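Worksheet: one structure, shown below.
Values quoted throughout were computed directly from the atomic coordinates according to the rules given, and no laboratory measurement underlies them. Because the structure is predicted, anything quoted here is derived from the model rather than measured. Cβ placement follows ideal geometry from the backbone for every residue including glycine, while neighbour counts extend to all protein chains displayed.
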Amino acid sequence: MNGSRRCATRASEAMTDRCTHAASSSGTPRGTARLAPSLLRWIDSGAVTAPRHAAIGDGDGDRIDFARILPFVGMHLACLFAFVVGVSPVAVLVAAIAYLVRMFAITGFYHRYFSHRSFKTSRAGQFVFGVLGAAAVQRGFVPDLKRVRDLLQFPELRWLDRFDILVPLLLAVGMFGLGVLLQDVAPHLGTNGWQMLIWGFFISTVACYHGTYTINSLSHVFGRQRYRTGDSSRNNWLLALVTLGEGWHNNHHHYPSAVRQGFYWWEVDITFYLLKLLSWLGIIWDLKPVPVAARDRSPRRIHGP
Ligand SMILES: [Zn+2]
Ligand SMILES: [Zn+2]
């Protein structure tokens, strides 16, 4: 079966299709309730370049809405306070962990689960995935609920979407609290509440934004094409490391419904390894593989492994 065509007909795929205005419209979603667009907009641009998606666009055009960009600008400016609060090894460590956890939530849950349904989980699991993704400060993980009808049936997801500022707020407060606590119980670590807030929340969140933007920008410029996907998507091992697997972008455009984007053992896909771990723990199941025929014998295949 043609993976991408199938993918495009899915209701949930509309999320990804909307995300495809990509870099040019990163600040231009509709309405005023959502001040920043979902990361899904950046994570998968295939839809915008492939003709099959042309009719699904949401008509945002390239209009720039500053009311939507301001929070992003604010997030970036807040990072400059690093020069005021200073730095400590523990603050950098916490920032790195916050980056990795949320990057995994974006790629593993927002993208591979909510957008492509490449595996199954329980209703509780789905909610937890939504909360983790919301921590990435994307303001509304379902860009347009009307387009994702199968998620409308879950009131807890609608709630999460509506009050999408709550999780980021809790994370920011939690980071500040962690810094205050560490200053109290382990003063030799040299951190405090403000320093932990800036590093653990602002800097790691902005790093997460930019790590994800690479998919719709750099992953369409640098790298190798294995499949003729009718777009400029590429496979890039470096971007795959930065984004925990999303850099195998040409693979993904070729067969979007597969749980893994690194198709071979040497294509490091950390999100896939973690999802595999979750499946061993019984938290997720029915991981969709990439059929060997679609991978190795596709007529779209340009070159060997
Ligand atoms: Zn996708
Ligand atoms: Zn793309």
### Karplus-derived HN-Hα couplings along the range 229-237 (A = 6.51, B = -1.76, C = 1.60, θ = phi - 60°), whole Hz, x at Gly and Pro
9, x, 8, 9, 4, 9, 9, 9, 5
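Could you line up Asp296, Asp161 from fewest to most neighbouring Cβ atoms inside 10 Å?
Numbers: Asp296 13, Asp161 23.
Fewest-to-most ranking of Asp296, Asp161: Asp296, Asp161.
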### Task
Please give, to one decimal in nm, the separation of the simple spin-label points placed at Leu170 and Ala82, each 7 Å out from Cα toward the Cβ.
2.7 nm
### Task
Pull up all non-local amide H partners of Tyr227: gap of 5 or more, or a different chain, and H-to-H distance under 5 Å with H placed in the peptide plane.
Ile302
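Only counting other Cβ atoms within 10 Å, I'd like Ile106, Ile302, Ile69, Ile203 sorted with the fewest neighbours first.
Starting with the residue having the fewest Cβ neighbours, the order is Ile302, Ile69, Ile203, Ile106.
Quick check on the exposure proxy: order Leu275, Leu170 from fewest to most C-beta atoms within 10 angstrom.
Values: Leu275 25, Leu170 13.
Placing the least packed residue first, the sequence is Leu170, Leu275.
Starting from the Cα gyration tensor of the range 204-305, take the square roots of the eigenvalues, sort them a ≥ b ≥ c, and report rounded, prolate or oblate (rounded when a/c is under 1.5, otherwise prolate if a/b is larger than b/c, else oblate). Please list the in-between numbers first.
Values: a/c = 2.13, a/b = 1.06, b/c = 2.02.
Verdict is oblate for the range 204-305.
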### Task
Determine the gain in length on full extension of the stretch Ala96-Leu241; use 0.36 nm per residue of separation and subtract their C-alpha separation, reporting nm with one decimal.
50.8 nm
